[in-house]
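The values are calculated or read from the model by the stated rules, or taken from the named source; none is laboratory data. None of the values given here were measured: they were computed from a predicted structure. Cβ: placed from backbone, ideal geometry, glycine included. Neighbour counts: every protein chain shown. These accessible areas exclude ligands, DNA and RNA; they are computed on the full protein's heavy atoms, side chains included. Shrake-Rupley method; radii C 1.70, N 1.55, O 1.52, S 1.80 Å.
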Amino acid sequence: MKFLIWLVCVIGIEATGIISSLFAGDIAGTYAQMEKPFLAPPGGIIGIVWTILYAFMGTALYLLIVAKVNPALKKNAYIFFAIQQVLNFLWSIVFFGWNAYWAGTIIIVLLVLSVIICMILFARIDKKAMYLFIPYLIWCLYAGYLTIGLTLLNT
């Protein structure tokens, strides 16, 4: 049963990424045409990284679900997990789909803050869940740098 819960969590989080990219339009084409800041990755690597990060996020969610801790503590973790997930979902739609670069910049800043809050809450529930969010935080910080750079160079 635990494997099934884990699988549903991972597939569910992966699905949100796929659905977001569908609403965002031709991300690869738009990214390829943009002026890029120093240290911008090739477009092909971005999808691979997100696939791995979504699997980590789904696994972290699974660890929260199966943790035997105070329900109020879990509730706060779920709330912030949902907030970061919504922000993650919206970012590519707003930035690439709507070409609202400054709004995308605000979203990525809020995303980084919500990921940090998640990590603080997760540490009190299951440290493994927090550790799974470290690569996600690093990537979001990098994505923030790219978002700001792309915004400044393309507006």
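Check whether at least one residue in the range 20-27 is farther than 14 Å from PHE95 by Cβ, open to solvent by less than 30 Å² (accessible area, probe 1.4 Å) and either in contact with a strand residue (DSSP E or B) (Cβ under 9 Å, 6 or more places away or on another chain) or modelled with pLDDT of 95 or more (or both), and report yes or no. Walk me through it before giving the result.
In the first step, residues of the range 20-27 are kept if they are farther than 14 Å from PHE95 by Cβ; the result is 22.
Add one more test, that the residue is open to solvent by less than 30 Å² (accessible area, probe 1.4 Å), and what stays is none.
No, that holds for no residue.
Which one is farthest from the chain's Cα centre (by Cα) among residues in the range 1-19 that are in contact (Cβ under 8 Å) with a residue 60 or more places away in the chain and surrounded by fewer than 14 Cβ atoms within 10 Å (Cβ to Cβ)? Explain how you work it out, then say what you get.
Residues of the range 1-19 that are in contact (Cβ under 8 Å) with a residue 60 or more places away in the chain, as a first pass: 2, 5, 13, 16-17, 19.
Remaining after also requiring surrounded by fewer than 14 Cβ atoms within 10 Å (Cβ to Cβ): 2, 5, 19.
Details: LYS2: 24, ILE5: 20, ILE19: 13 Å.
Checked the range 1-19; the qualifying residue farthest from the chain's Cα centre (by Cα) is LYS2.
Of the residues that make up the range 62-77, is at least one open to solvent by 20 Å² or more (accessible area, probe 1.4 Å), part of a helix (DSSP H, G or I) and closer than 26 Å to LEU150 by Cα?
Restricting attention to the range 62-77, the residues satisfying the condition of being open to solvent by 20 Å² or more (accessible area, probe 1.4 Å) are 62-63, 65-66, 68-76.
Retained after the next criterion (residues that are part of a helix (DSSP H, G or I)): 62-63, 65-66, 71-76.
The next check asks that each one be closer than 26 Å to LEU150 by Cα; those that pass are none.
There is no residue in the range 62-77 that is open to solvent by 20 Å² or more (accessible area, probe 1.4 Å), part of a helix (DSSP H, G or I) and closer than 26 Å to LEU150 by Cα.
Determine if the range 134-152 includes at least one residue that is within 14 Å of GLY58 (Cα to Cα) and touching a residue at least 24 places away in the same chain (Cβ under 8 Å).
Taking every residue of the range 134-152 in turn, at least one turns out to be within 14 Å of GLY58 (Cα to Cα) and touching a residue at least 24 places away in the same chain (Cβ under 8 Å).
Among what's in the range 121-155 and is among the polar types (S, T, N, Q) and part of a helix (DSSP H, G or I), pick the residue that is surrounded by the fewest Cβ atoms within 10 Å (Cβ to Cβ). I'd like the intermediate steps shown before the answer.
To start, the set of residues in the range 121-155 that are among the polar types (S, T, N, Q) comprises 147, 151, 154-155.
Filter once more, so that each one left must be part of a helix (DSSP H, G or I): 147, 151, 154.
Working: THR147: 23, THR151: 19, ASN154: 13.
Result: ASN154.
What residue, among those in the range 98-120 that are in contact with a Ser or Thr (Cβ under 9 Å, 6 or more places away or on another chain) and assigned to a helix (DSSP H, G or I), is farthest from THR51 (Cα to Cα)? Give the steps one after another, and end with the answer.
Filtering the range 98-120 for residues in contact with a Ser or Thr (Cβ under 9 Å, 6 or more places away or on another chain) gives 99, 101-102, 104-105, 107-109.
Those still in the list that are assigned to a helix (DSSP H, G or I) too: 101-102, 104-105, 107-109.
Working: TYR101: 23, TRP102: 25, GLY104: 21, THR105: 22, ILE107: 20, ILE108: 18, VAL109: 21 Å.
Once the filter is applied, the top-ranked residue is TRP102.
Which residues, taken from the range 35-64, are in contact with a helix residue (DSSP H, G or I) (Cβ under 8 Å, 6 or more places away or on another chain) and of a type in the set (A, V, I, L, M)?
LEU39, ALA40, ILE46, VAL49, ILE52, LEU53, ALA55, MET57, ALA60, LEU61, LEU63, LEU64
ALA82 passes all but one of (1) in contact with a Phe, Trp or Tyr (Cβ under 9 Å, 6 or more places away or on another chain); (2) open to solvent by 30 Å² or more (accessible area, probe 1.4 Å); (3) closer than 20 Å to GLY12 by Cβ; (4) of a type outside the set (Asp, Glu); which number fails?
(1)
Could you list all residues from the range 91-104 that are open to solvent by less than 60 Å² (accessible area, probe 1.4 Å) and closer than 20 Å to GLY17 by Cβ? Even if it seems obvious, please write down each step before you answer.
Our first condition is that a residue be open to solvent by less than 60 Å² (accessible area, probe 1.4 Å); within the range 91-104, this holds for 91-97, 100-101, 103-104.
Listed by number, the residues that qualify are TRP91, SER92, ILE93, VAL94, PHE95, PHE96, GLY97, ALA100, ALA103, GLY104.
Residues of the range 28-65 being among the aliphatic types (A, V, I, L, M) and within 16 Å of the chain's Cα centre (by Cα), which ones?
Let us first name the residues in the range 28-65 that are among the aliphatic types (A, V, I, L, M), namely 28, 32, 34, 39-40, 45-46, 48-49, 52-53, 55, 57, 60-61, 63-65.
Correct list: ILE45, ILE46, ILE48, VAL49, ILE52, LEU53, ALA55, MET57, ALA60, LEU61.
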